[in-house]
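Heads up, the thing below is written out as structure tokens.
The values are calculated or read from the model by the stated rules, or taken from the named source; none is laboratory data. Please read these numbers as outputs of a predicted model, since none were measured by experiment. Every residue, glycine as well, gets a Cβ built from its backbone with ideal geometry; the counts of neighbours run over all protein chains shown.
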Amino acid sequence: MMGTSTEQRRNEPQFLLSGFTQTAGIRVYAFEARVDAQRTGYTVEVNLALIPGFGIRIQDLPLLCRDLLQQRAERDETSAFVLTEQNMRTHAEELARARSDAEHRKKPPRHTASANRGDWLTP
């Protein structure tokens, strides 16, 4: 059984960023997918005007695009994708959830005050 999962991972494409172009606020990231000896080109288009509204930093875009390709490229026959507003919204919601979870882990447990605060002082 273990060999099967290793074999499946070996057949999953590895997406490598090969560059990007930009025209009028639209950035197109180019990726090359490698599976064994095969190489296939993919592109992901991003409207840069949308990213500030979702708190996405420009340096995070290549990873978001790669994630999109990993989710979609195996199921679709197309090689050109668009990082949509919904993709960005989902990413922003996941970030907010992760931040909230991290905040909850950081906070020390709350202790409730007793009705008589001096009780702890008496022997």
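Among the residues of the stretch 68-80, which ones are within 17 Å of Glu12 (Cβ to Cβ), outside any helix (DSSP H, G or I) and touching an Asp or Glu at 6+ places or on another chain (Cβ under 9 Å)?
The answer is Glu74, and nothing else.
Determine whether Arg89 is of a type in the set (Lys, Arg), modelled with pLDDT of 85 or more and assigned to a strand (DSSP E or B).
Numbers: of a type in the set (Lys, Arg): yes; modelled with pLDDT of 85 or more: yes; assigned to a strand (DSSP E or B): no.
No: the conditions fail for Arg89.
Please state which of the following conditions Glu77 fails to meet, knowing it meets all the rest: (1) in contact (Cβ under 8 Å) with a residue 12 or more places away in the chain; (2) exposed (fewer than 12 other Cβ atoms within 10 Å of the Cβ).
So the condition that Glu77 fails would be (1).
Do the conditions hold for Thr40, that is, is it touching an Asp or Glu at 6+ places or on another chain (Cβ under 8 Å), surrounded by fewer than 16 Cβ atoms within 10 Å (Cβ to Cβ) and assigned to a strand (DSSP E or B)?
yes
Looking at (1) modelled with pLDDT under 95; (2) surrounded by 12 or more Cβ atoms within 10 Å (Cβ to Cβ); (3) assigned to a helix (DSSP H, G or I), which is the one condition that is false for Cys65?
Condition not satisfied by Cys65: (1).
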